[in-house]
Each structure stands twice: as C-alpha cells, then as structure tokens.
There are 2 protein chains.
Amino acid sequence: MRLHLDCPFELSQSRKDCLILSPQRSSFVLSGALSFVSFNKAGEIFQKELAGNSFQSLWTRAKEIWNRQLGLVRVTGGREGQLRTFYTALYRSFQRMVNYGEYGEYFSAYDNRVHKGSFFYTNDHIWDTFRCMHPLQLLLEPGRQQDILESYNLMYRQSGLMPSCPNVGGDLPVMIGFHAAAVFADAYAKGLQADYATAYEGIRKNAMEQSMLPWVCGAGLTELETCYQERGFFPALHPGQKEWIDLVHQRERRQSVSVTLEHSYDDWCAAQLAAALGKKEDQALFLRRADYWKNVYNPDTRFMAPRDQNGEWIPFDPMWSGGKGGRDYFTENNTYVYTWSVFHDVEGLKNLLGGDQAMEDRLDRLFTEGVRVNGRNVHKYGYFNQYADATGLMGQFAMGNEPSFHIPYLYNYCKKPWKAQKRLRDLMDIWFSDSPTGICGDEDGGAMSSFFVFSAMGFYPVCPGKPEYALGTPLFDQIEIPASGGSRFTIKAPGAAEGLRYIQEARLNGEKLTRPFLSHQEITRGGTLELQMGKRPRDW
Amino acid sequence: MRLHLDCPFELSQSRKDCLILSPQRSSFVLSGALSFVSFNKAGEIFQKELAGNSFQSLWTRAKEIWNRQLGLVRVTGGREGQLRTFYTALYRSFQRMVNYGEYGEYFSAYDNRVHKGSFFYTNDHIWDTFRCMHPLQLLLEPGRQQDILESYNLMYRQSGLMPSCPNVGGDLPVMIGFHAAAVFADAYAKGLQADYATAYEGIRKNAMEQSMLPWVCGAGLTELETCYQERGFFPALHPGQKEWIDLVHQRERRQSVSVTLEHSYDDWCAAQLAAALGKKEDQALFLRRADYWKNVYNPDTRFMAPRDQNGEWIPFDPMWSGGKGGRDYFTENNTYVYTWSVFHDVEGLKNLLGGDQAMEDRLDRLFTEGVRVNGRNVHKYGYFNQYADATGLMGQFAMGNEPSFHIPYLYNYCKKPWKAQKRLRDLMDIWFSDSPTGICGDEDGGAMSSFFVFSAMGFYPVCPGKPEYALGTPLFDQIEIPASGGSRFTIKAPGAAEGLRYIQEARLNGEKLTRPFLSHQEITRGGTLELQMGKRPRDW
C-alpha cells in the first residue's frame, strides 16, 4: 500500500514528489519514511530504519536514544513534578536544530539542490535561541554544535546570505538582529573548532550590506541603516508621524531602539570574530559600533529611548509607548525590559545608570512595578492587549519572553547575588510547572526550555560570546554534566530541592569561590562546585 | 502601650473611635482586640480572648477550630496537591459571611446603631455566592446558615431594604439581580427553619419597587423596570444609541439580557416563597415572571439576545457585541455563556433549543469554539481585553466567572452525563491547582472555592431553590459529609483519585441509581452512594 500526502509546508513544486509514505500495516500502526531528496530515498530510509521493525522495537529504540540524550544531565533530589518539568525542558532544548541529512546526502532549500554531506541542520529562530539554547547545546554536546555551525556556513555558501531564522524551506524574515554573530562568537570564545572565516564573511555582509529592519530578510540598505552606520542609532518616528520607508513591515514597524541595541551587541560579536581572524580594521569598526547602544540611552529618563532622524529624543512613556508590542520603538516589550539588553557591556550600563546601588534599585523596580499610564493603574488585560508577548509577569519583568531571560542574573553585577537567587527561585517555582497550564510564554523552538534548564542547574550565560556564566540558584541537590575527556562537572547544593535558595558559601574543587560567576573552562575541565545553601540571604 | 490605627474601611466618623488595638508584647508578637461597639468592648474582648494567652496557645486554638471546621468533609485518596487545593477551597468557602457579634451585642451599619443579639452576619456578594457557597454552607452547617438568614432579615428590618451585596458598612451597589430570593428559596426548599414572612416582604420590595439596573442600590423604578414588569423584558439600546436614563451606571450600562434572565430566575424563587406563605396572587404573578427569560430568547439565532424598547431584536454578534464585558447586554460574559442562565427551567430551555441533541451540540460548541469576529480569529489578548472577567477559558466557557459554574452539569439534562464528567475533571485538573498560579478567576468571597468543593465531592446544586443536585465526577476515592442525627453520607468512588472519571454504575444504599441526580434528602438522611468509576464513558 502506498499513500501520497500533501506536503504540509511549502516547497517548490518540483520537490513535492519527494514526500512519500510507505506504510506497513502492523497491528493497526502505519509506519512511513520521509525524504526531501527523492522518492527512492524514502524507500531506502524505510528499509534502513523501519522495515522488519515492530512498533514495540521502534518505541524501545526511541526511548534508548532519548534516555541517552537526557542522561547528559543527572540531577538528584527534587519532587516528581520538578523532575518532569526539568527533563521535559531538556528534551525540548534538543529538539532543534533538525538534521535533515539522509545517509550521505541532503536537500537544501538554500539553493534548491541535493548535496552530498553527512548532516544538514536547519530550523532555528536565532533571535530566541542565541541567548541560551545554543550555549546549552554547546556545553552539553559540543560535537553536535560544531555540525550546526558548519550547517550555517553551508546555508551561507548556498544562498549568499547568513540566515537569521533558517527554516527547511529557506531563511524566514523574522524578528531583528543578525544573531548568527552571537552563535559563532560564543563558539569561538568557548574553543570550538569551526570555519570562522566563512562565517565571518556572511556575518559581515549581515552587518554592513543588509537592511536592519524587523521582519525583513536580505534586502539592501535604506537611509535608516545609513543613520545607524554613520550616526550610531536607528532612527524612530514621532507618534503619528507617517512612515515613508516602503520596506518597513506594516505591523512590525521600526522597533528602532531594540534594533539599535541588538545590532550593537551583534557588532560586538562580529568584533570578536574579526579579532580572531586578525582583521584589525574590522575589529576597530565593530568595536566602535559595539558602543552604539549608548546612543539610545537617555540620561534624563535613564531609559533606553527612541530618537528621531535629527537625533532628538522622542517623548514617550517608558511603560506604554510605541503601540502594539511597543513596536514603534521596541520588540514585543517596553523599555523597562529592553533597557537591560546590553549583554556585552553590563559594567558600562551600570555606570550610566549610576553605579551598583542605582542598578540594584532599577532591577528592584523592574520586578515590582505595576503598570501606570498617566498616573492611573492599568488592568492586566489592558497590558496584555498592548504587550501580548510579555507574559509570565513579575512586575514589568516578563518571564515569558526572551529579552527578560538574562535580567535576574544582572543582580550579580551590582553585588547582590542573593537577589538573583531570590527572583530566580520564585520564577522557576511560579512559571515552570508540570500542571496543565505548563510553562509561561512561547516555547520558541527550545529557547524558553533552555532558560529553565540552565537556571535549574544554577548558572546562566548572560553574554554569549564571553566564556562565562553567572551563578543563580540550583533547583536540585546535585547536578552532574559531562566535562572534557569523559570527566564530569558536579554541582552539589544540599537542601536546594527542599527550597533552600540562598548560597551561603561556594567552593570550587575545595577552593573558596568569591565571585558569583564561573568560567566555561572551570566547568569543562571537570570538578565539583559545592554550594552551601540556606534559608536566608548571606554575603559571600 | 496603646495604638490607634486608622480604620481601613469607611465607617461613619462617630464609629472610628471604636477601633482600637490593645497590644501585648510577647516575644515580638503584638496582639489586639477589635470592636465595632465601643472602646471598652474591645478591652472586654481582649480580656476574654487574648489576655494571658501565648502566641502558641492562640495558634493551637485557631488550628483546633479550623480542623474541626475542615473536618466536616473527610476525603480519602488523592495526591497531596489535590488535598491542599481541596481543603484550601473548603477553608475559603467558610470565610464569609462574617459574624460581627460581640458577646451579646453588635454594631449594625444598616441603622448605625448598636443592638442586642448573639450574632450578626454580614459581608456577602450574593450575585457570586447564591449559586453554590450558600448551598454548601447550608448542606454542611445548617445551623450557621439559619443565623445567616436571620441576619439578612435583621439587615432588612434595620434598613428597610433586603440587601444584595451586604458589607459591614452597609449594602453595596454591586452586580445585578435580587438573589437574596434564591438564598431564602433554597433554604425553604431544603427544610430550614427561618422567618420567611419577613424575608419575603423585603424580597417582594426588591422585585416590585426597586430599580433593576446594574450597580444601583435601592433606587426607585424607571421606564426600564416598567417595561420588564409590563412587557416581560429589560430593554436594550442599539449600538451607538445615546443613553437617556440618568440612573444607568456609566461603565456598567444596562446589561439588559442578563438582567432579564437573572430577575426571571429570582422571580421564580420569589414565587416559591409566596407559595410557602400561601400568597396565591403573588405566586401567580411571580410564576408568570419566571417565564420572562423566554422573551429574550431569539429563536432565529437560538441565543439569548437584546431587544429594544419596541421589542425589536437588536442585531448583534453573540461572541463579541455589547462593548467591554458585553455590558450593554450582558454581565461580564457573552451570550455563549449567558444563554444557559435559566437555572429554574432547564427543560424549558432545552425545548426552545430543540431537544436533547440540539442542547448537547450547543454545549459542545460552548466548550470548543474559539473566538471569531467577522470570520476572523481573535487573539486571546483581544478577547481578554473585551471580557476581562471571562478567564479560565475552555472554548467560550469561562471557568473563572460565576455564570459558567452550573453549565457543565447541564449535560445531565440532555442525557449525556459522561460529558459532564469529562468536562468537569478537565476543569478541576486544569484550573484548580496548588501551584503559585492557583485557581482561575476571582475568588469572589468563597464563590469560586465552593464550586470546586462541590465539584470535587461529585455533585452540584444547579438550581438553588430546588432540593436537588446534579452528579458530576468525584476527585477522591471516598468523601464523607455529616448528615442528619449524627449520621454520615458517604460517596465511594474507588479509582477516582487516580483519574478514573467516568461513572459506570451508581448505587444509592445498595439500590441502583438510574438518574444522574441526588435529592437533598437522599444526602441529609445519610447513607452511601457507590460509584463504579471507569476509564471510558458508559451509559447507565
């Protein structure tokens, strides 16, 4: 029996024939193989993977494979519900990117051809995943991450564009930034082998030759990019001002402040790669642009804020302005959240905010302030109608959306790690449960889950591109992950599972640890981090 | 040491002096007594209840009192989380009304005087609580419910108005209906002793002499009430039509369909009381009005729908029309929900809808339909911006708001009890958890919690005023509640706690039960209901 099914996603017509199902009737289970290469390839895959197998034997094999994968992290302690949430999150953190390799060949939509090759990873929303999904996969399975990097290079070579939301059908015009820069810079900083020269070529094109506009893919420059390149900020419109740039997406608008912030960070990432490749001029150029985030910091309001084409500050309400999702100026969030999107220069941001105490106060405000517009409280439903993606609220902090991920860890940078521990345990307990209401926000292809995996393990990569993690507070009594040469890195935090959230003292391989950070190498060389946990905050 | 504190709620100035705290320092615990009667009374209460007690002894006493109260319902089986949710709900179900009696006297804001008397209950939002909180308290603690009924009569005698949202500071203009009628009719139907003559006097005034407008309290009649009394429906405005009745609350509008439906039900309740008191003319009058709900049923759309003052149907979108909260026509919900607000005549509603199958189909649609406006899907945030109170969604069904409470049980009336069981278990599992996100919607003074208590016990009072309960599906393997003369009523449902939700067979005291209902007497005379639970639906 043979079934032809309609392809559920869009491929060029010529490729529709490649999707077949070759079902085998076996106690009412239909099994089928799928190929993007050819009809015959599907038959070959069917023979290799399915023929002669019972449902039971396939089920057993799948279980073995996932057990091995999930066994990368071994935790001790914790209620059943916490274990279910954690391993579900770990499972989701590994579901992408997807390897479309088919035993020595693969089809690529980036040039619409079949290629030789043992792997081809695609399907990734980098805006979501550069923050911690790629860092998590790199930490737990560096070999696979190398194949992923090479797949990005393949997509670039085949299409001439380094993608920012690669899908099996080609790059999608989604979100902002060119965060492939972050993925490669992070891998470089953490010592992964890859073809950085090719990657840098694509990333440089992203930075210099392509439109920065939200939800626009591969278009050329407009006067807006020229303004960024020459004057250091992406210009915004005044409320009610008519848009004159045709390329601007009608719904997504300019998101001018977020675009400035995220490009400035990506420029910093590009500078790291340029330095690695000995391109001193490029390095200097991108390092200069890495400071452009300062151009949208308004010292009067102490918020990141929009500027018009003349460089004038546009008056706005930091909680509320910018229309649906704040998209005139921001990306799905307000500036309470976005002011913190300076991953690569937290010290610089702290200085502008006014030092340790000022930064701590601002973080406290973020986690506690309700929404007020013109001095009046706004109901939650009004808030969600404006910021539909800013779910999982704690004050203005939105656990359910990616720009918030790193923020609780910023307390470590103003000498208040216990406040990071306080917030993080609350966030994990409240917004990540095994109840039917599940986790907050969008899963976003593994992004949300990988935030939880890192946070439950007790550390987090605040700035991809730096080989460093900020300490949080583990959810389990013990966590073990693989380290180099078959060794293990173990975090011991007795009592954490029962709710002890405050680190009283930390010892790394027996030595007292005096900073709330770990380097990548401290983890990957193996060893033990002992955390003495307590009920009350303590300076350490 | 003496402290004077500002009174947190509004009382007449002359009463502010009565609030004192007489604190006693005892290992950093301040204790204080509170009186609405006088400064000296607070001192007396302090001596009686607090003086000489340690924090520990007070804590122990409070625990004993609550243990006794919560021990009224004993359940077996169920995870720790389910037990926590259940007993928390039971606790909340008993937090109101509050007895303001002070050892033989009490202060009443209903005439601003101090009275002799051993109890005085107030603080109740009847729109929320008539549905199942009062029935639950009546079932579990009939003596206290009698005192509550007498307190309603006291408030009526003191103020000349039977209140509908009695607060310690007086009746509040909140919501719609005169549901004290339901509370008294329910008590009468279930055999409670009370001064029904006095109550009926107040309830009759509510029905005949007072404005039916939402959030209006104690005002006289307008042409809108005349339309209801003479023509059988509360008239609505066309979209954009200017309001000309000054008394209409600016935000709350007319809610004309809901007002018609709920008054029609309250009229039926008044008829029961009139019959009990031998007032035949009144009985006939109110029974006629008990049918007025039919006047807002539009046979073309098969929805409850608004009519203008000429009796013409106003065109409207059943999901969406009526502005914020649907308040031009409805109360916080759309007509998908409100069409079911015919508690006293489900058979009549079923006939108008087209019989068993039509009713079942309509219920299915309620639980499954997403929101579409002009043929386009509406995002959840848009929906919540319109219907902020319609939370806990399952399709259009809103678990988080009271008008939905009885609806799942209506499957019993169209011969599909298994669908009630299916929905109810899902609703309990999804929307009532012990996680930090807690339960859905507003607690509303015990209303939401008492829905859960009834549903977790496996039955529910669909129509207060009738001594009958519809069966649902118990959450526990065994439930025991007090019955008359010290006996107990026990529900046995082995496997329910582990998730078996479908009743395969029911036996009441050994006899096969063939209808999915229990009478009040069947419960209060004591005995055992044995439910054989299963994984799959079965007709019985």
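The values are calculated or read from the model by the stated rules, or taken from the named source; none is laboratory data. On a predicted model such as this, the values are computed, not experimentally measured, just so you know. Note that we place each Cβ from the backbone using ideal geometry, even for glycine, and neighbour counts take in every protein chain shown.
I need a count of the residues in the stretch B:396-450 that are within 14 Å of another protein chain (Cβ to nearest Cβ) and either in a loop (DSSP other than H, G, I, E, B) or of a type in the set (Gly, Ala, Ser) (or both).
Summing the residues that are within 14 Å of another protein chain (Cβ to nearest Cβ) and either in a loop (DSSP other than H, G, I, E, B) or of a type in the set (Gly, Ala, Ser) (or both) in the stretch B:396-450 gives 13.
How many residues are surrounded by 19 or more Cβ atoms within 10 Å (Cβ to Cβ) and touching a residue at least 60 places away in the same chain (Cβ under 8 Å) if we restrict to the stretch B:190-205?
Residues in the stretch B:190-205 being surrounded by 19 or more Cβ atoms within 10 Å (Cβ to Cβ) and touching a residue at least 60 places away in the same chain (Cβ under 8 Å): 6 in total.
If I ask for residues that are out of contact with any His (no Cβ under 7 Å at 6 or more places or on another chain), crowded, with 24+ Cβ neighbours inside 10 Å and in a helix (DSSP H, G or I), which ones from the stretch A:158-186 would you list?
Residues satisfying the conditions are A:ALA180, A:ALA181, A:ALA182, A:PHE184, A:ALA185.
Looking only at residues in the stretch A:404-443 that are hydroxyl-bearing (Ser, Thr, Tyr) and either under 16 Å from A:THR85 (Cα atoms) or touching a His at 6+ places or on another chain (Cβ under 9 Å) (or both), which one is surrounded by the fewest Cβ atoms within 10 Å (Cβ to Cβ)?
Across the stretch A:404-443, the extreme among qualifying residues is A:THR437.
B:PHE94 fails exactly one of the following numbered conditions: (1) touching a residue at least 12 places away in the same chain (Cβ under 8 Å); (2) over 30 Å from B:ALA483 (Cβ atoms). What is the number of that condition?
(2)
For the list (1) touching a helix residue (DSSP H, G or I) at 6+ places or on another chain (Cβ under 7 Å); (2) over 25 Å from B:GLU262 (Cα atoms), I need the number of the one condition that B:ASN374 fails.
The one condition B:ASN374 does not meet is (1).
State whether one or more residues within the stretch A:290-301 are closer than 25 Å to A:TYR196 by Cα and among the aliphatic types (A, V, I, L, M).
yes
Among the residues of the stretch A:334-390, write down those that are of a type in the set (Asp, Glu) and away from chain B (no Cβ under 14 Å).
Of everything in the stretch A:334-390, those that are of a type in the set (Asp, Glu) and away from chain B (no Cβ under 14 Å) turn out to be A:ASP345, A:GLU347, A:ASP356, A:GLU360, A:ASP361, A:ASP364, A:GLU369.
Listed here are the residues, each with its yes/no results for (1) outside the structural domain of A:LEU366 (by TED's automatic domain parsing); (2) closer than 25 Å to A:GLY218 by Cα; (3) under 23 Å from the mean Cα position of the chain (by Cα).
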residue: A:PRO239; (1), (2), (3): no, no, no
residue: A:GLU243; (1), (2), (3): no, yes, no
residue: A:ALA271; (1), (2), (3): no, yes, yes
residue: A:ALA275; (1), (2), (3): no, no, no
residue: A:ASP282; (1), (2), (3): no, yes, no
residue: A:ARG289; (1), (2), (3): no, yes, yes
residue: A:TYR292; (1), (2), (3): no, yes, yes
residue: A:ASP300; (1), (2), (3): no, no, no
residue: A:ILE314; (1), (2), (3): no, no, no
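Cβ-Cβ below 8 Å, separation at least six or inter-chain, first residue in the stretch B:495-520 and under 17 Å from B:LYS416 (Cβ atoms), second surrounded by 11 or more Cβ atoms within 10 Å (Cβ to Cβ) and of a type in the set (Val, Ile, Thr): which pairs?
B:ARG501/B:THR473; B:TYR502/B:THR473; B:ILE503/B:THR473; B:PRO516/B:ILE503
So which residues in the stretch A:451-461 are in a loop (DSSP other than H, G, I, E, B) and either within 13 Å of another protein chain (Cβ to nearest Cβ) or more than 12 Å from the chain's Cα centre (by Cα) (or both), if there are any at all?
A:GLY458
Rundown of residues vs (1) more than 23 Å from B:GLY177 (Cα to Cα); (2) aromatic (Phe, Trp, Tyr), yes/no style:
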position	(1), (2)
B:TRP340	no, yes
B:VAL346	no, no
B:LEU352	yes, no
B:ASP389	no, no
B:MET394	yes, no
B:ALA398	no, no
B:ASN401	no, no
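The rows are residues; the columns are (1) within 22 Å of A:LYS279 (Cβ to Cβ); (2) of a type in the set (A, V, I, L, M).
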site: A:CYS132; (1), (2): no, no
site: A:LEU161; (1), (2): yes, yes
site: A:VAL168; (1), (2): no, yes
site: A:ASP171; (1), (2): no, no
site: A:ALA199; (1), (2): yes, yes
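Tell me the residue from A:GLY382, A:GLY392, A:GLY348 that is in the same structural domain as A:VAL296 (by TED's automatic domain parsing), touching a strand residue (DSSP E or B) at 6+ places or on another chain (Cβ under 9 Å) and in contact (Cβ under 8 Å) with a residue 12 or more places away in the chain, please.
A:GLY392
Have a look at B:PHE367, B:PHE330, B:PHE343 and point out the one that is touching a Lys or Arg at 6+ places or on another chain (Cβ under 8 Å) and at pLDDT 95 or above.
After ruling out the rest, the residue left standing is B:PHE367.
Give the residue, chosen from A:ALA207, A:ALA236, A:ALA189, A:ALA305, that is among the small types (Gly, Ala, Ser) and farther than 26 Å from A:GLY325 by Cβ.
A:ALA189
Looking at this structure, is A:SER211 outside any helix (DSSP H, G or I) and either basic (Lys, Arg) or within 22 Å of the chain's Cα centre (by Cα) (or both)?
Answer is yes for this residue.
Could you pull out the residue among A:VAL342, A:VAL337 that is assigned to a loop (DSSP other than H, G, I, E, B) and within 22 Å of the chain's Cα centre (by Cα)?
The conditions single out A:VAL342.
For B:LYS466, work out the one condition from (1) modelled with pLDDT of 95 or more; (2) touching a strand residue (DSSP E or B) at 6+ places or on another chain (Cβ under 6 Å); (3) not small (Gly, Ala, Ser) it doesn't fulfil.
(2)
Counting only residues that are surrounded by 22 or more Cβ atoms within 10 Å (Cβ to Cβ) and of a type outside the set (Val, Ile, Thr), which one in the stretch B:71-93 is nearest to the chain's Cα centre (by Cα)?
Looking at the filtered set, the residue picked out is B:SER93.
Within the set of pairs 6 or more residues apart or between chains, which connect a residue that is more than 16 Å from A:VAL257 (Cα to Cα) inside the stretch A:282-305 to a residue that is in a helix (DSSP H, G or I) and of a type in the set (D, E, K, R) with Cβ atoms less than 6 Å apart?
A:PHE286/A:ASP267
Checking B:GLY527 against (1) under 18 Å from B:LYS419 (Cβ atoms); (2) in the same structural domain as B:GLN421 (by TED's automatic domain parsing), which single condition isn't satisfied?
Going through the list (1) under 18 Å from B:LYS419 (Cβ atoms); (2) in the same structural domain as B:GLN421 (by TED's automatic domain parsing), B:GLY527 breaks only (1).
Only residues that are in contact with a Phe, Trp or Tyr (Cβ under 9 Å, 6 or more places away or on another chain) and either among the hydrophobic types (A, V, I, L, M, F, W, C) or more than 23 Å from A:GLN137 (Cα to Cα) (or both): list them for the stretch A:473-500, please.
The answer is A:LEU475, A:PHE476, A:ILE479, A:ILE481, A:ALA483, A:ILE491, A:ALA493, A:ALA496, A:ALA497.
Are any of the residues in the stretch B:464-484 surrounded by 24 or more Cβ atoms within 10 Å (Cβ to Cβ), within 14 Å of chain A (Cβ to nearest Cβ) and closer than 29 Å to A:ASP434 by Cβ?
no
Within the stretch A:472-528, restricting attention to residues that are more than 23 Å from A:ILE407 (Cα to Cα) and polar (S, T, N, Q), which residue is farthest from the chain's Cα centre (by Cα)?
Top of the filtered list is A:ASN509.
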